[in-house]
1. So Cys119 fits all but one of (1) at pLDDT 95 or above; (2) loosely packed, with under 15 Cβ neighbours inside 10 Å; what number is the exception?
2. Out of all the residues in segment 143-165, is one or more out of contact with any strand residue (DSSP E or B) (no Cβ under 7 Å at 6 or more places or on another chain), touching a residue at least 24 places away in the same chain (Cβ under 8 Å) and of a type in the set (Gly, Ala, Ser)?
3. Which count do you get for residues in segment 126-146 that are buried (at least 22 other Cβ atoms within 10 Å of the Cβ), under 22 Å from Ala16 (Cα atoms) and of a type in the set (A, V, I, L, M)?
4. Among the residues of segment 1-19, what is the count of those that are in a loop (DSSP other than H, G, I, E, B) and either closer than 15 Å to Gln72 by Cα or among the aromatic types (Phe, Trp, Tyr) (or both)?
5. Determine, yes or no, whether Thr87 is hydroxyl-bearing (Ser, Thr, Tyr), within 22 Å of Arg125 (Cβ to Cβ) and over 16 Å from the mean Cα position of the chain (by Cα).
6. Of the conditions (1) in contact (Cβ under 8 Å) with a residue 60 or more places away in the chain; (2) in contact with a Ser or Thr (Cβ under 6 Å, 6 or more places away or on another chain); (3) farther than 21 Å from Glu18 by Cα, Lys40 satisfies every one except a single condition; which number is it?
7. Any residue in segment 17-36 that is under 25 Å from Asp179 (Cα atoms), touching a residue at least 12 places away in the same chain (Cβ under 8 Å) and touching a Leu at 6+ places or on another chain (Cβ under 8 Å)?
8. Please go through segment 20-53 and give me each residue that is in a helix (DSSP H, G or I), open to solvent by 10 Å² or more (accessible area, probe 1.4 Å) and modelled with pLDDT of 95 or more, ordered by number.
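The values are calculated or read from the model by the stated rules, or taken from the named source; none is laboratory data. Predicted model, so just to flag it, every value in this text is computed and none were measured. For neighbour counting, all protein chains shown are included, and Cβ atoms are generated from backbone atoms with ideal geometry for every residue, glycine included. Note: areas computed on protein heavy atoms with side chains; ligands, DNA, RNA excluded. Shrake-Rupley method; radii C 1.70, N 1.55, O 1.52, S 1.80 Å.
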Amino acid sequence: MMETALLVIDVQMALANEDASGTERSCPEAESNIALLLEKFRSAGNIVVHIHHQGTDPDDPFHPDAAGSAVQPVAAPEPGEPVVIKTGSSGFVGTTLQDILCKAGVERVIMCGATANHCVESTTRSAADLGYQPIYAADAVWTYGITGPDGVYHSADQIHSVSMATLEGEIASVKKTQDILRM
């Protein structure tokens, strides 16, 4: 049986605050699906690794001294679950994540958290480059709408869909939470 780890990425209060401000986002069920994945992995005794972003600019809502850097209760680490702190996009760059996974014999990683097109996608791409088999939990990630440099607005649902489309097949296997729970 392939050793699998759940990577819970950037489920922090800065994003909950963004949601509370009314910012358009995709996948409103993401946090409840993250809770389901956590429950399954914990009850099976599987590996759960939490990846948290810390901004280096004191004005960054993810700065360690900012309230936004706190973890959302739905994704709070339990005792013994490793927590990796990153300052960039990928959970692998400049962190101990690869060492943690190697020591545990992990070959496959389930990706969930935020945001779909930034840190989750970046960590997924790094995982594939490092030889892991990533599974991107399509309905356990979310993102926000953005305006491109050409002035064109792209909705949160469009960005979410494009993120899944660019990963599927070549980089990762994109699956819904219920399909992952049946694995």
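1. (2)
2. Yes; the residues of segment 143-165 include at least one that is out of contact with any strand residue (DSSP E or B) (no Cβ under 7 Å at 6 or more places or on another chain), touching a residue at least 24 places away in the same chain (Cβ under 8 Å) and of a type in the set (Gly, Ala, Ser).
3. Summing the residues that are buried (at least 22 other Cβ atoms within 10 Å of the Cβ), under 22 Å from Ala16 (Cα atoms) and of a type in the set (A, V, I, L, M) in segment 126-146 gives 4.
4. The number of residues fulfilling the criteria is 2.
5. No; evaluated as a whole, the condition is false for this residue.
6. The failed condition is (2).
7. yes
8. From segment 20-53, those in a helix (DSSP H, G or I) are 20, 30-43; that's our starting set.
The next check asks that each one be open to solvent by 10 Å² or more (accessible area, probe 1.4 Å); those that pass are 20, 31-33, 35-36, 39-43.
Within segment 20-53, Glu31, Ser32, Asn33, Ala35, Leu36, Glu39, Lys40, Phe41, Arg42, Ser43 qualify.
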